[in-house]
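*Asks:* Pasting in a structure now, in structure tokens, and then I'll have a few things to ask.
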Amino acid sequence: MSGQLDSVLAHIEERREQAIERLFAYLRMPSISAEGVGMRENATFLLGQLTSMEFETRLIETVGWPMVWGHRPGPVGSPRLLLYGHYDVQPPDPIDAWISPPFEPEIRDGRIWARGAGDNKGQHFANLLALEAVIAATGNLPCSVTVLLEGEEEVGSPHIADFVRDHCDLLDVDLVITSDGPVHDSGRWTVEFGVRGVVSFELRATGANHDVHSGNFGGIVPNPIWTLVHALATVKDPEGQITIPGLLDAVQPPTDLELAAIGAMPDGTVTVMEDLGLTELDHPLGRGFYERLMAWPTLTINGFHGGYGGPGSKTVLPSSAFVKCDVRLVPNMTVAGTLEAIRAHLAHHAPGVEFIPGGGMEPSKTPLDSPYAEPIARGIELATGETPLRVPAMGGSLPEYVWTQILGVPAFVVPYANHDEQNHAPNENIEVERFVTGIKIGAAVLIQLAEQRKVV
């Protein structure tokens, strides 16, 4: 199919300006799931894009925002691919920190600047344009393709698991590809085989029924901030080891293939430390840079709140305090098991602290020797001239578990955005060349999967 690919890549290159203009039109449409801004307008827009490519399409309601679903069959026996993305974006605040308005995209310094440019509109729109280019240049798709675009990823994908369970008939596929997140810090293209999961929780402590004078009542009234400090000191030691019994029991060491893949990755330690102004890495100090991000869970204090925080001093003994935390999960940890371990630990060590479990997302893992890994990597190489890094897992979280655990199929993340895309922050961006190359990668991977044929 090399001749087909050449025609498709030429088609994409000839229409690069139109592709950018169409992305701009999409980026001008706010779609803030947390605030309910523009969600249906964006879903309808995407439905039109798929319909124009002669996909069977549906706008499927959920308890939250709707799912955009589309399907176009390919040749009998060809792999059945699901392309996942999300059309919602993060709130743009703080607005004053943006150089240009977040929903008025513009090109500066070779980059497209706008909310959603990298996360995730620019990336899944590149995949839609790839499908369009393959159809335009060859007359058809070489694989069966299903597209699912979610409207709630930026609020934790609270309804996608139920959606997948309830609509397995619409998601009868052999593999899933998600284009989200950044490429490697070195700029190398990557294929990612897994993601860490995440679960959040809060701890709350109370003392008196109102704030009191720290002199008149100090030593008499319990201080809820100290209550939380002592509780937190029991869950992680000064060497950085999580000390909650049972929490780490399910953690599996990396396989030999995963260790080899980790060893082949350019060491990002120096770059990250320089970029972030660090003089040392977090504890435990003996773990390798990528082993920390892929093979071990973390317990993070996201915020600690209580008492006086204004200018000068205020000799007050606060009446309440709370702390927000998250745990990043690795296979085979579970959200439920992690929360239960934390609850039991705190019930023993800090019975006066209220434990409030939050939302969570399970981890996901696809074996590095999956038969679909090679055609995906080959497609990236044909489109870019570069052999991609094979990354066992990304440090962040995506709802990939719904594919690997509920559908039971391999799932891959093929990111298109630059490593400094500033997703979730002001001045989000994607490099123009990476957006256009993403279209080429999407097309090349599709054609290479067709050559692989369906894996039985």
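Taken together, the values in this text are just the output of simple stated rules run on the coordinates, not laboratory data. Here the structure is a predicted model, which is why all the values come from computation and not from measurement. So basically every Cβ, Gly included, is an ideal-geometry build from the backbone, and we count neighbours across all protein chains shown.
*Asks:* Could you work out how far apart the two model spin labels at Phe24 and Trp226 are, taking each label as a point 7 Å from the Cα in the direction of the beta carbon, and quote it in nm?
*Replies:* Computed distance between label sites Phe24 and Trp226 equals 6.2 nm.
*Asks:* Okay, helix-only estimate at 222 nm for the chain: each DSSP H run of n ≥ 4 adds -39500 (n - 2.57), divide by all residues, round to 500 deg cm²/dmol; what do you get?
*Replies:* -10000 deg cm²/dmol
*Asks:* For the charge dipole of the chain, defined by +1 on Lys and Arg C-beta atoms and -1 on Asp and Glu C-beta atoms about the Cα centroid, which residue among Pro224, Val409, Val199 has the Cα displaced farthest towards the positive pole?
*Replies:* My answer, from the dipole projection, is Pro224.
*Asks:* Subtracting the Cα-Cα distance from 0.36 nm times the residue separation, let me have the gained length for Val270 to Thr255 in nm, one decimal.
*Replies:* 2.8 nm
*Asks:* For a label point 7 angstrom out from the Cα of Ile99 toward its Cβ, which stretches of region 117-142 have the backbone nitrogen within less than 17 Å?
*Replies:* Flagged as within label range: 117-118.
*Asks:* Relative to the first principal axis of the alpha-carbon coordinates of the chain, what is the inclination of helix 16-27, with its axis defined by its Cα atoms, in degrees from 0 to 90 and to the nearest 10?
*Replies:* Once rounded, one gets 40 degrees.
*Asks:* Now, a different point. Given an 8 Å cut-off on Cα distances and at least 6 residues of separation, report the relative contact order of region 187-244 as a percent.
*Replies:* 25 percent
*Asks:* For region 276-372, which GluC sites (Glu not before Pro) are in a loop by DSSP, counting at most 15 other Cβ atoms within 10 Å?
*Replies:* Passing sites in region 276-372 are Glu280.
*Asks:* What does region 163-231 give for Rg and for Dmax, in Å, if only its C-alpha atoms count?
*Replies:* Just the Cα atoms of region 163-231 yield Rg and Dmax of 25.1, 69 Å.
*Asks:* Would you mind getting the Kirkwood hydrodynamic radius of the chain from its Cα pairs, rounded to one decimal in Å? Don't skip to the end; give the middle numbers.
*Replies:* On the way: mean 1/r = 0.0423 Å⁻¹.
Kirkwood radius, the chain: 23.6 Å.
*Asks:* May I pose another question? Hey, what did the chain get for relative contact order, percent, Cα under 8 Å, at least 6 apart?
*Replies:* 26 percent
*Asks:* Nearest 20 debye, what's the magnitude of the dipole of the chain about its Cα centre given +1 on Lys and Arg Cβ and -1 on Asp and Glu Cβ?
*Replies:* 460 debye
*Asks:* Follow-up question, since we're still on this one. Using only Cα atoms, find the angle between the long axis of helix 335-349 and the longest principal axis of the chain, and express it within 0 to 90 degrees, rounded to the nearest 10.
*Replies:* In the chain, helix 335-349 runs at an angle near 10 degrees to the longest axis.
*Asks:* Set the Förster distance to 25 Å, then compute FRET efficiency between Val76 and Glu451 from the Cβ-Cβ distance, nearest 0.05.
*Replies:* Values: r = 16 Å, r/R0 = 0.62.
Taking R0 as 25 Å, the efficiency between Val76 and Glu451 is 0.95.
*Asks:* Tell me, what ³J(HN,Hα) does each residue in region 251-267 have, in order and in whole Hz, if you take phi through Karplus 6.51 cos²θ - 1.76 cosθ + 1.60 with θ = phi - 60° and put x for Gly and Pro?
*Replies:* Computed from phi, the couplings for region 251-267 are 5, 9, x, x, 6, 4, 4, 5, 5, 5, 5, 4, x, 7, 7, x, 5 Hz.
*Asks:* Okay, moving on. Roughly speaking, what is the stretch gain from Arg40 to Glu374, that is 0.36 nm per residue apart minus the C-alpha to C-alpha distance, in nm to one decimal?
*Replies:* Roughly 116.5 nm would be gained on extension.
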